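The values are calculated or read from the model by the stated rules, or taken from the named source; none is laboratory data. Computed from a predicted structure; not experimentally measured. Glycine gets a Cβ as well: all are built from the backbone with ideal geometry, and neighbour counts include every protein chain shown.
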Amino acid sequence: MTDNVAAQLWTVRSRCQDAAALASTLAALRSIGYRAVELAGLGGIPTDDVRSIVEGAGMTSCSAHADSEQILEDPGAVVRTMKALGCDSLAYPYPRNQDLSSPEGVSRLCRRLSRAGEVFHSEGITFSYHHHAIELQKVGGRTVLETILEQTDPRLLQLQPDTYWLQAGGVDPARWITRFAGRVPLLHVKDYGVDSAGKAIFREIGAGNLDWTGILSAARKAGCKWHIVEQDDHWSGGDPVESLRMSWYHLARSS
C-alpha cells in the first residue's frame with residue numbers, strides 16, 4: 001500500500017528551513033521509499049524553489065497546509081501559491097483565533113470555511129479540514145467536528161482525519177473514518193502511545209496502541225487517496241527521519 005503513502009514535512013520541519021536542507025531531507029525520504037510529501041513547516045523558501053526541489057527529488061506534493069488566517073481572509077492568494085507549487089489539495093490546519101466555544105462561533109467558522117471553499121473549488125483545488133482534539137469537544141450537544149461537517153457542503157470542504165487526535169479526543173479512529181466515507185481524501189496516520197508516567201505521546205506507526213488493521217481497512221473502504229505519515233515529536237532516537245522510516249516499514253508490511 002506504499003504507493004499512496006506520503007510524508008508530512010512538519011515531522012522534519014527542523015531540517016527544511018532552507019533550500020539545501022530541504023533537498024537533503026527529501027533525498028533521505030526518497031531513499032526510504034516515500035514518493036510524495038505534504039508541504040508544511042518549511043522555512044521561507046521561495047515557492048518556485050520548493051516546487052523544483054520536490055520535483056528534482058523525484059517526488060510529488062500530494063497536499064499542502066497553508067496559513068489558517070490567510071485561507072479564510074485571502075483564499076485567492078492561497079490559490080496563487082498552490083498553483084505555483086503545482087499542488088491541487090489543500091488542508092486548513094488549525095482554527096487559530098476562531099471561537100469554538102459556542103454554536104454561534106462554530107457556525108461562523110463554517111460560513112468562512114464555505115466561502116473559502118467556493119474559491120478553491122472554482123480553481124480545481126480540493127479543500128479539507130484538518131482537525132486536532134479540540135474539535136472533538138461537544139458544543140451544543142454535538143462535537144465541533146460533526147457540526148463543521150454537517151454545516152458545510154462536501155463539494156467545498158472535505159475532511160483530513162488524524163488517527164492520533166481522534167483517539168486523543170475519545171473516539172474510535174476506524175469508526176469515524178467509516179462515518180465520513182467518501183469525504184476523506186487525506187488521512188494523517190500517527191500512532192498513540194503512553195510514556196512511563198502514563199502521559200499520551202506520539203509514536204511511530206506500529207509502536208503505539210492503535211488498531212492499524214482496522215484503521216487501514218476503514219481508510220481503504222472510505223476512498224482515502226493518501227495516507228500521510230506525521231509525527232510531531234517524540235521521534236525514535238530523537239531523529240524524525242528515523243521515525244518516518246519506522247512508520248514506512250510498518251505500513252509496507254501491512255500491505
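Observations, loosely collected:
- Within region 172-184, being assigned to a loop (DSSP other than H, G, I, E, B) and surrounded by 16 or more Cβ atoms within 10 Å (Cβ to Cβ) holds for Asp172, Phe180, Arg183, Val184.
- Identity of the residue in region 118-169, in a helix (DSSP H, G or I) and of a type in the set (Ser, Thr, Tyr), that ends up surrounded by the fewest Cβ atoms within 10 Å (Cβ to Cβ): Ser122
- Any hit, region 99-110, residues being under 25 Å from Arg51 (Cβ atoms), touching a strand residue (DSSP E or B) at 6+ places or on another chain (Cβ under 8 Å) and in a loop (DSSP other than H, G, I, E, B): no
- Every residue from region 198-228 that is in contact (Cβ under 8 Å) with a residue 12 or more places away in the chain, on the phi > 0 side of the Ramachandran plot and either surrounded by fewer than 15 Cβ atoms within 10 Å (Cβ to Cβ) or part of a helix (DSSP H, G or I) (or both): Gly223
- Qualifying residue in region 229-251 (condition: of a type outside the set (Asp, Glu), within 25 Å of His65 (Cβ to Cβ) and part of a strand (DSSP E or B)): yes
- Within the option set Gly58, Gly43, Gly76, being at pLDDT below 95, out of contact with any strand residue (DSSP E or B) (no Cβ under 8 Å at 6 or more places or on another chain) and farther than 14 Å from Ser128 by Cβ holds for one residue only, Gly43.
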